[in-house]
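The next block holds one structure in the form of structure tokens; read it before the comments.
Throughout, read-outs are computed from the coordinates displayed, never taken from laboratory work. Just so it is clear, the structure is predicted and the values come from calculations on it, not from any experiment. Cβ atoms come from the backbone with ideal geometry, glycine included; neighbour counts cover every protein chain shown.
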Amino acid sequence: MSDLVQPRDDLVALAGYHSPQVDVPVRLNTNESPYAPPPAFIEQWQSALRDVAWNRYPDRAAVALRESLGSFLGQPAERFFCANGSNEVLQTILLTYGGAGRRAALFEPTYALHSHIARITGTEIVTGTRTPTFAIDLDDADALVASHAPSVVFVCTPNNPTGTTEARDTVQRLCDLAARSRALLVVDEAYGEFAPWSAVELVDESRPLVVVRTYSKVWSLAAARLGFLVGPAWVVETLENVALPYALSTPTQLAGTIALQFATEMERRVASLVEERGRVFAALAGTNGVDVFPSGANFLLFRVDRDARALWERLLERDVLVRDFSKWPGIEGCLRVTIGTATENDAFLAALDAALAEESG
Ligand code: PMP
């Protein structure tokens with residue numbers, strides 16, 4: 001690093017967020033959809049692009065997109081805030097409700113960007129723990145919130161990277177805890193479509209609850225960068241004051257609106273990924289030396305009884321890229337695999353068998 005100009009002191013020690021982007025045939029490391037969007041979606045989107053008034057700024061309020069999301073999720077349009085990926089939604093939340101002198105509570109191990117964005121925004125982090133099955137312990141959460149009075153509480157369900165889905169009752173009680181301490185409960189549902197229930201149904205004007213969703217996973221639109229939250233209109237209005245004006249481009253807004261017309265196709269894909277998740281889970285559960293955790297998402301976390309980093313490398317040698325969590329506190333010795341197409345999953349399972357056999361041999 002040059003010493004000509006220095007970043008903020010509190011950012012110097014900050015590590016970037018890097019999931020290696022290695023170009024291999026079977027990429028199961030970033031929980032994307034294995035499918036391209038439907039060809040009819042691309043056609044409709046490209047045709048809509050021909051009519052864009054390119055010399056004009058985009059609709060700042062993203063009215064059409066928010067109305068479409070509203071009818072899709074059964075909530076009024078004013079309860080939606082949209083941004084360039086759910087990471088940007090999380091950043092806007094922390095710029096608004098976090099910051100210097102404020103605290104964000106989170107339960108590790110969880111999505112790395114919650115603590116990363118908290119640090120970037122100068123928000124202090126207070127950390128709760130999880131039970132051995134990675135569920136949030138409500139007594140622990142109660143004590144954490146009572147003693148630190150955070151202004152934001154993060155819950156990721158299904159949780160990345162463990163796959164754990166919190167019960168409705170847990171989220172409701174966390175919401176009560178947050179309300180008592182005048183905190184905003186942020187439920188990150190990046191993988192919500194794969195789970196048996198959604199906290200969107202709890203959103204109303206009386207609860208300090210927002211649910212964050214993304215187009216990057218089931219909607220097959222990671223390249224477009226589009227995420228949103230559903231929350232009380234008074235939260236959305238406050239976030240709009242903080243977000244940069246015209247941040248969401250017209251092509252992105254159009255992609256989000258048009259994608260919702262393909263909901264049936266999306267639901268079919270979710271169903272087939274959930275089925276594949278069951279198949280891969282069963283295969284891992286039946287593999288010697290592997291301990292796999294239940295998941296409500298499109299990935300599985302598993303622990304191995306040997307050097308997990310070396311196994312990750314052996315998988316890569318066999319053209320299969322998974323995510324290495326071997327050194328992560330709380331999930332040491334673990335790897336995470338995204339559920340892909342049946343062919344990709346077969347390639348992963350075959351590579352795993354071969355790599356394990358090679359190490360044992
Ligand atoms: N939340 C969670 C839990 C995630 O796993 C991810 C993506 N890895 C995101 C948010 C961010 O998604 P995006 O910015 O692509 O919408």
**OP:** Report ³J(HN,Hα) in whole Hz for each residue of region 252-268, in order, from the Karplus equation J = 6.51 cos²θ - 1.76 cosθ + 1.60 where θ = phi - 60°; Gly and Pro get x.
**Re:** 5, 4, 5, 4, x, 5, 5, 4, 5, 6, 10, 4, 4, 4, 4, 5, 4
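Based on a Kirkwood Rh over C-alpha pairs, give the Stokes-Einstein translational diffusion coefficient of the chain at 4 °C and viscosity 1.567 mPa s in µm²/s.
60 µm²/s
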**OP:** Please pull out the direction-averaged projected area of region 203-302, using the convex hull of its alpha-carbon atoms, in nm² to one decimal place.
**Re:** 8.9 nm²
**OP:** First measure r as the distance between the Cβ atoms of Ala112 and Ala64, then evaluate 1/(1 + (r/R0)^6) with R0 = 25 Å and state the FRET efficiency to the nearest 0.05.
**Re:** 0.15
Subject >> Note, ³J(HN,Hα) from phi for region 37-51, Karplus 6.51, -1.76, 1.60, rounded to Hz, x at Gly and Pro >> reply: x, x, x, 5, 5, 4, 4, 5, 5, 5, 5, 5, 5, 5, 9
Original post:
Around Val126, which amide H atoms from residues at least 5 apart in sequence, or from another chain, sit under 5 Å from its own amide H, with H modelled in the peptide plane?
Top reply: Ala104, Ala105, Leu106
Original post:
If you average 1/r over all unlike Cα pairs in region 256-332 and invert the result, what Kirkwood radius do you get in angstrom?
Top reply: 14.6 Å
**OP:** Give me the number: length gained by fully extending Ala223 to Asp307, i.e. 0.36 nm times residue separation minus the C-alpha to C-alpha distance, one decimal in nm.
**Re:** 26.9 nm
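Say R0 is 22 Å: what FRET efficiency, to the nearest 0.05, do Asp140 and Asp176 get from their beta-carbon distance?
Calculated value: 0.90.
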Subject >> Full-extension gain in nm, Glu275 to Ser47, via 0.36 nm per residue minus C-alpha separation >> reply: 78.6 nm
Original post:
For labels at Ala354 and Glu332 in the simple 7 Å Cα→Cβ model, what's the distance in nm?
Top reply: 3.1 nm
Original post:
Where does the charge balance sit around Ala199 when Lys and Arg score +1, Asp and Glu -1, over other residues with C-beta under 15 Å from its C-beta?
Top reply: -3
